[in-house]
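Participant: Sharing a structure, written as structure tokens. Questions coming.
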Amino acid sequence: MFPILHALAIFVSDLFKSRSRLEVENLFLRHQLNVALRQAPTRFRMRDIDRLLLVWMVRLWPNLLGVVLVVKPETVLRWHRAGFRAFWRWKSRNRAGRPRIDRDLRDLIRRMSRENPLWGAPRIHGELLMLGIEVAQSTVSKYMIRGGKPPSQSWKTFLRNHAEAIAAIDMCVVPTVTFDRLFAFLVLGHGRRQLLWFEVTRYPTAEWLARQITEAFPWASAPAYLVRDNDRAYGHVFIALFQAMGTRDRPHPRTPSP
């Protein structure tokens, strides 16, 4: 923390100096730095506070990246990207949700469902309650063993049979150097795994998303099936447009809406 306070104090004091005085001091300090670098080891050991100060100053004044001497400019950019990832990982950490159950309880549920194939989730849930084990019925259903073949074609079979008529859309966050967020909208054709459309915006409204769909798919080439997640950005305008184009909307059930 002290190096940052010291740098801020020097910055405030420099505001009251003349331009010629600052240029002379800059030249004098550069010469001292060059002398120190000639005698310095090949690799510096910098503290985290020093990295933070360099990244912060380069973010405020991007032109300073061209005068970095103690490390390579690519190193400062790598620190910047690492800090950006750490910031959004901390912000998007899992703060809620159901607590995980013990492994022994999961094994017990699977054993009961394996040895009693005619028992459903309500029956196993009732037996666990009589044993004094408090667990939700939905949790029992989640860890039960599913026997037999699925009654309909699997997702892999569906993709193989209808790949040419399926399109998938998604939005991803694109970070910028200034810690801003842009939203990239992608349209992918499953037939040849080809990127059909790509666009970036700051504010992904339902009207904007619907307009991108009309650009990616003219009315004569609309896909038969659309695979997407349950993002709330896909509003009623977007869904109504695909229904009018004759496309069957298929939100993925395992992707919760944010």
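The values are calculated or read from the model by the stated rules, or taken from the named source; none is laboratory data. Since the model is a prediction, treat every value here as computed from it, not as a measurement. Backbone-built Cβ (ideal geometry, glycine too); neighbour counts: all protein chains shown.
Participant: Mind listing just one residue for me: the one in segment 162-202 that is under 22 Å from the mean Cα position of the chain (by Cα) and of a type in the set (Asp, Glu) and, of those, surrounded by the fewest Cβ atoms within 10 Å (Cβ to Cβ)?
Facilitator: This residue is ASP180.
Matching residues to (1) aromatic (Phe, Trp, Tyr); (2) under 28 Å from ARG89 (Cα atoms); (3) at pLDDT 85 or above:
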{"residue": "GLY132", "(1), (2), (3)": "no, no, yes"}
{"residue": "SER138", "(1), (2), (3)": "no, no, yes"}
{"residue": "MET144", "(1), (2), (3)": "no, no, yes"}
{"residue": "THR157", "(1), (2), (3)": "no, no, no"}
{"residue": "ARG160", "(1), (2), (3)": "no, no, no"}
{"residue": "GLU164", "(1), (2), (3)": "no, no, no"}
{"residue": "VAL173", "(1), (2), (3)": "no, yes, yes"}
{"residue": "ARG192", "(1), (2), (3)": "no, no, no"}
{"residue": "TRP197", "(1), (2), (3)": "yes, no, yes"}
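Participant: I'd like to know if segment 206-221 contains one or more residues that are part of a strand (DSSP E or B) and surrounded by 12 or more Cβ atoms within 10 Å (Cβ to Cβ). Steps first, answer last, please.
Facilitator: Our first condition is that a residue be part of a strand (DSSP E or B); within segment 206-221, this holds for none.
No, because not a single residue in segment 206-221 is part of a strand (DSSP E or B) and surrounded by 12 or more Cβ atoms within 10 Å (Cβ to Cβ).
Participant: Show the residue pairs that are 6+ apart or on different chains and have beta-carbon atoms under 8 Å apart, the first residue being within segment 97-109 and at pLDDT 85 or above, the second being aromatic (Phe, Trp, Tyr).
Facilitator: Every condition considered, the pairs that remain are ARG106/TYR143; ILE109/TYR143.
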